[in-house]
Amino acid sequence: MRKRDSRFIWLAGVIVILAALLVYANLREREVEQRREAGLAPLFPDAEPAECDYIVIAQGKGQKVELVRQNGRWHVQLPDRLFPASPDDVEELTGYFESIKPESIVDRSPDRFADYGLDDAAAVNVRFFRAREDATPAIDLLLGDRGPDYRSVFARKAGDNVCYLIPGNVATLWEQKAELWRDKYPLREKREDFSRITIRTGEDEFSLELSEDGFWKFPDDEVNPVNQEETVGLISRLTGLVGLNLIDEPAPEYKLDQPEYEFVLGLGERTVTLAVSSEYDAKRLVHNSELDQAYSISATALEGVKLHRQDYVKHEETSPEAAAADGKPDTAAETP
């Protein structure tokens, strides 16, 4: 009997020990998992790229790109000036860094930085500042080689030894030179920005002006009303121009020094002239005077554009009764 009781006690002890070991193992596993989750949490939880107005992308002592947001619009710093940056490219870059979260931790040794392209000489340093005059960045990240699947990249926070594998890869953006950040669209304006339009050709020059009540008029003609739809349509065509590419040295064949026609645009307190070249090789060049930049566009983009005063005069519609009395067709029913 005593022997049987002794065996029972030993068995109970083994069960207790195994239970304790199981509990300990679970606690350790949970602790490791918590540490892992903490290490893979968003790298910059208190920083929002959308709230930053200044971005610096640098690699070693050579290439450097500065992106600056002024009056709600992004610009790229060129050697002699700021130039509008492609909003699509900037949006893709900032979107990539929104709540950026690592996929895994790959190393913690400074001696291994070079193995991942994360040493100071090779890494691309991307810094987001809330303002250009700030000394401390809100986000300061070093980006290295592409990951094993080429759709990820190695990264580490500046001043930190932990090397991460980051999902996603927009290296084509942070590796491109400053001039490639330039916006390729000739005119990035909104309809409500326009207050005056002057159209110049070799034969004609006239202006359209936005009145205080929000309607377009001829400033030198109080008799003829302006066709509002035609004017709004012109603005839509100008703001919808798509640049095929930027032209820094226009070919003489386009005769941009003698444009075929010009649009002088009043945009708030600014005046911008779009000079349009003659057609050559199914293309035209559009020169923006404010930016001193020429853009190549498809010739069809401005095909049939209205360039003469009479094109913008609104003609009174004839009522059906008056048309019948005059023996003329009902022009009011015609489709413009």
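Name the single residue, out of those in the stretch 273-282 being surrounded by fewer than 18 Cβ atoms within 10 Å (Cβ to Cβ) and touching a Ser or Thr at 6+ places or on another chain (Cβ under 8 Å), that is nearest to Ile199 (Cα to Cα). First the steps, then the outcome.
Here is the first cut: in the stretch 273-282, the ones surrounded by fewer than 18 Cβ atoms within 10 Å (Cβ to Cβ) are 273, 278-282.
Now restrict to residues that are touching a Ser or Thr at 6+ places or on another chain (Cβ under 8 Å): 273, 282.
Working: Thr273: 10, Ala282: 23 Å.
Ranking the candidates gives Thr273 first.
Consider Ser298 against the criteria (1) under 26 Å from Val313 (Cβ atoms); (2) in contact (Cβ under 8 Å) with a residue 12 or more places away in the chain: it satisfies all of them except one. Which criterion is unmet?
(1)
Gly159 - would you say it is crowded, with 17+ Cβ neighbours inside 10 Å, in contact with a strand residue (DSSP E or B) (Cβ under 9 Å, 6 or more places away or on another chain) and without any contact (Cβ under 8 Å) to a residue 40 or more places away in the chain? Break it down stepwise before answering.
Values: crowded, with 17+ Cβ neighbours inside 10 Å: no; in contact with a strand residue (DSSP E or B) (Cβ under 9 Å, 6 or more places away or on another chain): yes; without any contact (Cβ under 8 Å) to a residue 40 or more places away in the chain: yes.
Judged against the criteria, Gly159 is not a match.
Scan the stretch 85-130 for residues that are exposed (fewer than 13 other Cβ atoms within 10 Å of the Cβ) and of a type in the set (Gly, Ala, Ser) and jot them down.
Listed by number, the residues that qualify are Gly95, Ser99, Ser109, Ala121.
Select the strands (runs of 3 or more DSSP E) contained entirely in the stretch 80-139, then report the ones holding at least 1 residues which are aliphatic (A, V, I, L, M) and closer than 29 Å to Leu187 by Cβ. First the steps, then the outcome.
Working: elements: 82-84, 104-107, 124-129.
Ranges flagged: 82-84.
Would you confirm whether any residue within the stretch 11-22 is part of a strand (DSSP E or B), modelled with pLDDT of 65 or more and of a type in the set (A, V, I, L, M, F, W, C)?
Kept after step one, since they are part of a strand (DSSP E or B), are these residues of the stretch 11-22: none.
No.
State whether one or more residues within the stretch 182-201 are touching a residue at least 24 places away in the same chain (Cβ under 8 Å) and more than 27 Å from Phe83 (Cα to Cα).
In the first step, residues of the stretch 182-201 are kept if they are touching a residue at least 24 places away in the same chain (Cβ under 8 Å); the result is 182-191, 193-201.
Of the ones still in play, those that are also more than 27 Å from Phe83 (Cα to Cα) are 201.
Looking for residues that are touching a residue at least 24 places away in the same chain (Cβ under 8 Å) and more than 27 Å from Phe83 (Cα to Cα), one finds at least one in the stretch 182-201, hence yes.
Looking only at the stretch 225-255, how many residues end up being within 19 Å of Phe83 (Cβ to Cβ) and exposed (fewer than 13 other Cβ atoms within 10 Å of the Cβ)? So that I can check it myself, show each step before the final result.
Going residue by residue through the stretch 225-255, those that are within 19 Å of Phe83 (Cβ to Cβ) are 239, 241-250.
When the remaining residues are screened for being exposed (fewer than 13 other Cβ atoms within 10 Å of the Cβ), the result is 242, 244-245, 248-249.
Result for the stretch 225-255: 5.
Could you figure out which of (1) in a loop (DSSP other than H, G, I, E, B); (2) under 22 Å from Arg73 (Cβ atoms); (3) at pLDDT below 95 isn't true of Leu241?
(3)
The values are calculated or read from the model by the stated rules, or taken from the named source; none is laboratory data. No experiment lies behind these values; they were computed from the predicted model shown. A quick note on method: Cβ atoms are made from the backbone with ideal geometry, for glycine too, and the neighbour counts reach across all protein chains shown.
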